[in-house]
Every structure is written in structure tokens, then in C-alpha cells.
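First up is the structure itself, then whatever we jot down about it.
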Amino acid sequence: MQRDKLYYTFNDPAWNKDPERYINLMLEQSSRNKSCWYSNLPKILGGVRNFVFKKHRDIMNGVPPHKTKNRSGSARLCPAIHSVLDNSILIKCPSDLAISITSNKEFFYTTPDPLGSNSPLIAIRSHGYSDMENVESPKLFEGYMNIKFVFPIHIGNNSDTPLIFLHPNFHTRSEFTVLNGVIPRGYVKYQELNINTLVKVPEKGEPPTEIFIKKGEVLAYLWSPKQLSLTPSRKEGLLPLFTKFTGAIEYGNDSNS
């Protein structure tokens with residue numbers, strides 16, 4: 001199957017001289033077999049042997065053959081899960097990362113400094129609660145704060161294929177929740193790679209929430225209706241031209257041929 005191209009370029013020009021060397025730290029094409037949970041899940045719950053002999057025992061106990069349980073398939077057979085795992089780009093934490101969050105919604109983080117680079121491998125930012133606060137009911141985000149993972153990379157494609165951020169349910173069990181978001185047609189040509197998440201804030205008097213993320217841990221899925229192939233952008237001129245305070249973004253030469 002032919003894949004659409006997802007172009008990427010690093011903020012640090014030094015990394016763009018050998019982009020394939022660094023991209024796997026942050027982005028990786030997914031497949032269902034790259035999920036340990038999926039790979040270790042049996043197709044038939046309890047195994048084929050138990051499934052077959054269970055039908056025999058049911059019949060021996062007087063259960064009519066057409067009423068015996070004839071389906072014991074696991075989630076491994078679910079086409080919806082196949083689509084998520086096969087059509088996603090895995091967004092990975094490029095280094096160890098430690099985050100502390102206080103009851104006052106202050107956050108602190110530490111990550112190794114990359115030698116010889118002007119860009120950190122990953123940074124943490126936060127949108128203020130006022131960006132999401134709803135003075136009326138329902139107050140969906142009360143008691144939570146935004147933690148944004150900021151990568152030193154820009155991504156985009158020229159086919160107008162939309163991109164969707166999803167929580168990595170089939171790879172990681174984490175203290176944060178990825179906010180689902182779509183990069184729609186018209187905005188996919190050039191985007192900073194950021195992941196917005198929600199983290200529960202500790203109550204007053206409680207100790208800070210401490211989150212430790214290991215290098216290589218999957219932070220989010222970048223899903224698309226078409227399978228994507230990671231491709232370094234070899235051309236300059238992909239930068240957008242911001243000509244209005246609001247509205248669509250104009251682009252310069254975004255050819256990648």
C-alpha cells in the first residue's frame with residue numbers, strides 16, 4: 001500500500017543535515033505488532049484448545065449446538081484497534097523527563113541537555129486554565145491543568161490528509177490524558193509538533209504530583225485516515241507567512257520534490 005508522506009524538519013539546522021539519525025527519537029511509524037499489549041494478546045480467549053473442548057462440554061451437558069458460545073475472540077480481532085495502530089505515527093519522548101506539579105498549578109521539569117544543539121529534545125509549557133474555563137456548567141476541566149509537550153520539530157503534508165492526536169491507550173498507562181485534536185485540511189502543511197494534555201492537580205496540602213517518563217515512552221498517537229511515511233523535508237521555504245491576525249495561513253514554496 002502506498003503511503004502519503006508526512007514531512008518533518010528540525011528547528012536546529014544541525015539536525016537537518018542528518019535527519020534520519022534523529023527522527024526515531026521522536027517519531028516512529030506504528031503497526032499493530034509494535035504494541036506489546038497487542039502482540040501478547042491471544043486471538044482466542046483461553047486458547048483454541050479450551051475454546052473447542054468448551055463447545056464439546058456444553059453439548060454433553062445438554063446445551064443445543066446452536067446455543068453454545070461460538071465466539072471467544074479477544075480485542076486482537078478488533079478492526080477499530082487495527083486502524084489506530086496501523087495508521088498512526090507514534091510520538092515518543094526523546095529522553096528521560098521528570099515533571100512536578102504543585103497544588104498551585106506550578107510545574108517544574110528536568111530533562112538531559114542535548115550536547116552540541118541549540119534546541120532541547122523536549123520542553124514543557126502550559127496554557128492557563130482561563131483558556132479552557134467555562135463559567136457555566138459543565139466545568140469539565142476544573143481541578144486539572146494543561147501540560148503541553150513541545151518538540152523541536154515541525155511536521156506537515158502536501159496532500160491535505162488530516163491528522164488527529166489520540167491518547168496512546170494501547171502502548172502507555174500514564175498520569176496525563178492527551179486532548180483529542182484534529183489538524184484539518186488547510187492547516188496540515190506546516191505545524192509545530194506539540195501535544196496538549198490534561199493532568200489532575202493535587203489538592204491543597206497534598207504533595208506535588210511527580211511524573212517520570214522514560215526515553216522512548218509513547219506520549220501520543222498521530223492518526224490519519226491514510227498511512228503516512230516519515231520523510232525529511234529537503235527544501236527550504238516551508239515556513240508559513242502570517243499575513244492576518246486571524247484566519248488561514250499562507251505558505252511560501254512548500255515543494256518537497
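Filtering Val182, Val135 for residues that are closer than 29 Å to Ser35 by Cβ and of a type in the set (Val, Ile, Thr) leaves a single hit, Val182. Considering every residue within segment 99-112, establish whether at least one is surrounded by 12 or more Cβ atoms within 10 Å (Cβ to Cβ) and in contact with a Gly (Cβ under 9 Å, 6 or more places away or on another chain). Yes, segment 99-112 contains a residue that is surrounded by 12 or more Cβ atoms within 10 Å (Cβ to Cβ) and in contact with a Gly (Cβ under 9 Å, 6 or more places away or on another chain).
Among the residues making up segment 183-203, those that are surrounded by fewer than 19 Cβ atoms within 10 Å (Cβ to Cβ) and either assigned to a loop (DSSP other than H, G, I, E, B) or not assigned by TED's automatic domain parsing to the domain that holds Ile99 (or both) are Pro184, Arg185, Gly186, Tyr187, Pro202, Glu203.
In segment 142-187, which residue that is in contact with a Gly (Cβ under 8 Å, 6 or more places away or on another chain) and of a type in the set (A, V, I, L, M, F, W, C) is nearest to Leu228 (Cα to Cα)? For segment 142-187, the residue satisfying everything is Ile164.
Determine whether segment 83-95 contains at least one residue that is surrounded by 12 or more Cβ atoms within 10 Å (Cβ to Cβ), of a type in the set (Lys, Arg) and more than 15 Å from Val199 (Cα to Cα). If you could, list the steps in order and put the result at the bottom.
Going through segment 83-95, the residues surrounded by 12 or more Cβ atoms within 10 Å (Cβ to Cβ) turn out to be 83-95.
With the extra rule that they be of a type in the set (Lys, Arg), the set shrinks to 92.
With more than 15 Å from Val199 (Cα to Cα) added as a condition, the list becomes 92.
Checking segment 83-95: at least one residue is surrounded by 12 or more Cβ atoms within 10 Å (Cβ to Cβ), of a type in the set (Lys, Arg) and more than 15 Å from Val199 (Cα to Cα).
Only a single item in (1) assigned to a loop (DSSP other than H, G, I, E, B); (2) not assigned by TED's automatic domain parsing to the domain that holds Gly216 is not met by His82, and it is number (1). Look at Phe176 and say whether it is crowded, with 17+ Cβ neighbours inside 10 Å, among the aromatic types (Phe, Trp, Tyr), under 22 Å from Glu20 (Cβ atoms) and at pLDDT 85 or above. Against the criterion (crowded, with 17+ Cβ neighbours inside 10 Å, among the aromatic types (Phe, Trp, Tyr), under 22 Å from Glu20 (Cβ atoms) and at pLDDT 85 or above), Phe176 does not qualify. Looking at Val218, Val199, Val182, Val188, just one residue is aliphatic (A, V, I, L, M) and closer than 16 Å to Met26 by Cβ, and that residue is Val218. Checking the stated criteria, Lys55 turns out not to satisfy the condition of being surrounded by 15 or more Cβ atoms within 10 Å (Cβ to Cβ) and modelled with pLDDT of 75 or more.
Can you tell me which residue among Thr197, Thr177, Thr161 is among the hydroxyl-bearing types (Ser, Thr, Tyr) and in contact (Cβ under 8 Å) with a residue 60 or more places away in the chain? Can you show your working first?
Values: Thr197 fails: in contact (Cβ under 8 Å) with a residue 60 or more places away in the chain; Thr177 fails: in contact (Cβ under 8 Å) with a residue 60 or more places away in the chain.
None of the other options fit; the residue is Thr161.
The values are calculated or read from the model by the stated rules, or taken from the named source; none is laboratory data. These numbers were taken from a predicted model, which means no experiment stands behind them. Cβ sites come from the backbone with ideal geometry, for glycine too, and all protein chains shown count toward neighbours.
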